[in-house]
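The values are calculated or read from the model by the stated rules, or taken from the named source; none is laboratory data. Keep in mind it's a predicted model, so treat the numbers as computed, not measured. Counting neighbours? That spans all protein chains shown, and the Cβs are built from the backbone with ideal geometry, glycine included. Side chains are part of the model used for accessible areas, which takes the heavy atoms of the whole protein and leaves out ligands, DNA and RNA. Shrake-Rupley method; radii C 1.70, N 1.55, O 1.52, S 1.80 Å.
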Amino acid sequence: VGVWAIGILVAGFSTSKTTITVALVIPGVVTLAIAGMVLWALNQAKKAKGVASILAGAEDAEGRAAAMEKLETQFKKKDPAAIFAKAQLQMQEDPKAALAPLEQIDPRKAQAPIADEARAQRAMIHLMLGQPQRARELADGVDLSRHQDVKSRAMIGAVVSEAWARTGAAQKAVDTLDLFDVADEELEPVAPQLHRARAYAFAHTNKLKPMRRELKKLLDQDFRLLASFLEKKSHSLLQKEAKKLLEQSGKVPRKMQMQRNPRGV
């Protein structure tokens with residue numbers, strides 16, 4: 001409206017045809033650009049709602065298979081929203097297989113926020129597979145300032161921070177994680193990922209008390225969240241403390257019990 005007001009004002013006082021034309025064309029171009037952005041945003045919102053509706057029914061293997069089929073038929077093959085959804089479904093059964101759809105997104109050609117999200121999801125899978133160096137290569141290409149949504153920025157921040165912490169840049173990870181208030185209710189859905197990343201960051205900076213505090217918070221949420229710290233590739237301090245907390249809680253994972261008593265049932 002402001003651009004149109006200025007354009008009309010300039011055109012009204014000008015006697016030059018060129019000036020009048022320019023004064024009216026510029027607001028027209030701006031209006032078309034804004035209209036295009038609004039239509040794009042509405043289309044993206046519609047896609048996101050559709051994807052969320054499909055994923056809502058994917059609670060078991062059968063539901064995931066049905067959701068995958070809908071994503072294949074209702075969305076274009078290279079639609080980012082569908083690709084992220086497919087990866088999310090595959091990650092629950094075979095994290096390694098979830099890399100394939102994500103690798104369809106070329107970070108050099110995709111919009112910067114989408115490229116960052118693809119990098120972060122791929123990095124998260126590599127972390128799950130015990131490949132922190134490969135995760136680091138992806139994390140270094142992420143720019144958190146490009147993400148305005150608080151929850152999305154926190155999730156991506158947690159992933160890249162864990163990658164940094166596990167590959168020699170622990171203080172950078174601590175500084176990045178300090179940007180997020182884990183107690184914020186808006187960040188509740190990504191709190192486990194933040195606590196996990198903070199645990200790694202504190203372990204690799206030898207800050208034992210904060211590390212134990214983060215592990216305790218994970219235990220309070222769900223004891224299964226500590227299971228990944230028991231793996232051989234995890235930091236020795238995290239292994240020791242996670243094992244201790246699980247034993248004290250009486251909620252030792254079944255796999256760990258079987259290792260201790262292979263003849264037990």
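Of everything in the stretch 222-232 that is in a loop (DSSP other than H, G, I, E, B) and open to solvent by 70 Å² or more (accessible area, probe 1.4 Å), the residue that is modelled with the highest pLDDT is E231.
Within this structure, Q121 passes the test of being within 14 Å of the chain's Cα centre (by Cα), assigned to a helix (DSSP H, G or I) and crowded, with 21+ Cβ neighbours inside 10 Å. Here P189 meets each of (1) open to solvent by 60 Å² or more (accessible area, probe 1.4 Å); (2) under 26 Å from K78 (Cα atoms); (3) in a helix (DSSP H, G or I) with one exception, condition (2). Inspect all residues belonging to the stretch 160-176 and state whether any of them is of a type in the set (S, T, Y), at pLDDT below 95 and over 11 Å from the mean Cα position of the chain (by Cα). Within the stretch 160-176 (the criterion being of a type in the set (S, T, Y), at pLDDT below 95 and over 11 Å from the mean Cα position of the chain (by Cα)), the answer is no, since none of the residues qualifies. Condition (residue is farther than 27 Å from K233 by Cα and open to solvent by 40 Å² or more (accessible area, probe 1.4 Å)) applied to the stretch 161-175: is it met by at least one residue? So far as the stretch 161-175 goes, no, none of its residues is farther than 27 Å from K233 by Cα and open to solvent by 40 Å² or more (accessible area, probe 1.4 Å). A count restricted to the stretch 175-200 and to residues that are touching a Pro at 6+ places or on another chain (Cβ under 9 Å) and of a type in the set (A, V, I, L, M) stands at 1.
When the stretch 210-221 is filtered for residues that are under 23 Å from the mean Cα position of the chain (by Cα) and open to solvent by less than 40 Å² (accessible area, probe 1.4 Å), the ones remaining, listed by number, are M211, E214, L215, L218, L219.
State whether the residues of the stretch 124-131 include one that is β-branched (V, I, T), free of Cβ contacts under 8 Å to residues at least 60 places away in the same chain and open to solvent by 30 Å² or more (accessible area, probe 1.4 Å). No, the stretch 124-131 contains no residue that is β-branched (V, I, T), free of Cβ contacts under 8 Å to residues at least 60 places away in the same chain and open to solvent by 30 Å² or more (accessible area, probe 1.4 Å).
Within the stretch 1-20, track down each residue that is over 47 Å from the mean Cα position of the chain (by Cα), part of a helix (DSSP H, G or I) and among the β-branched types (V, I, T). Listed by number, the residues that qualify are V10, T18, T19, I20. On the stretch given as the stretch 67-104, residues that are assigned to a helix (DSSP H, G or I) and within 21 Å of A115 (Cβ to Cβ) total 16. If you go through the stretch 233-265 and keep only what is loosely packed, with under 13 Cβ neighbours inside 10 Å, within 20 Å of A201 (Cβ to Cβ) and modelled with pLDDT under 90, you end up with just K233. Let me spell it out: the conditions are (1) assigned to a helix (DSSP H, G or I); (2) surrounded by 15 or more Cβ atoms within 10 Å (Cβ to Cβ); (3) modelled with pLDDT under 95, and L194 meets all of them except one. Which number is the exception? Failing condition for L194: (3).
Per-residue answers, yes or no, for (1) over 22 Å from H126 (Cβ atoms); (2) over 18 Å from the mean Cα position of the chain (by Cα); (3) modelled with pLDDT of 80 or more; (4) open to solvent by 80 Å² or more (accessible area, probe 1.4 Å):
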| position | (1), (2), (3), (4) |
| --- | --- |
| V22 | yes, yes, no, no |
| L42 | yes, yes, no, yes |
| A66 | yes, yes, yes, no |
| E69 | yes, yes, yes, yes |
| T73 | yes, yes, no, yes |
| K86 | no, no, yes, no |
| L99 | no, no, yes, no |
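Looking only at the stretch 200-209, which residues are open to solvent by less than 20 Å² (accessible area, probe 1.4 Å) and out of contact with any Asp or Glu (no Cβ under 8 Å at 6 or more places or on another chain)? A203 - this is the single residue of the stretch 200-209 that is open to solvent by less than 20 Å² (accessible area, probe 1.4 Å) and out of contact with any Asp or Glu (no Cβ under 8 Å at 6 or more places or on another chain).
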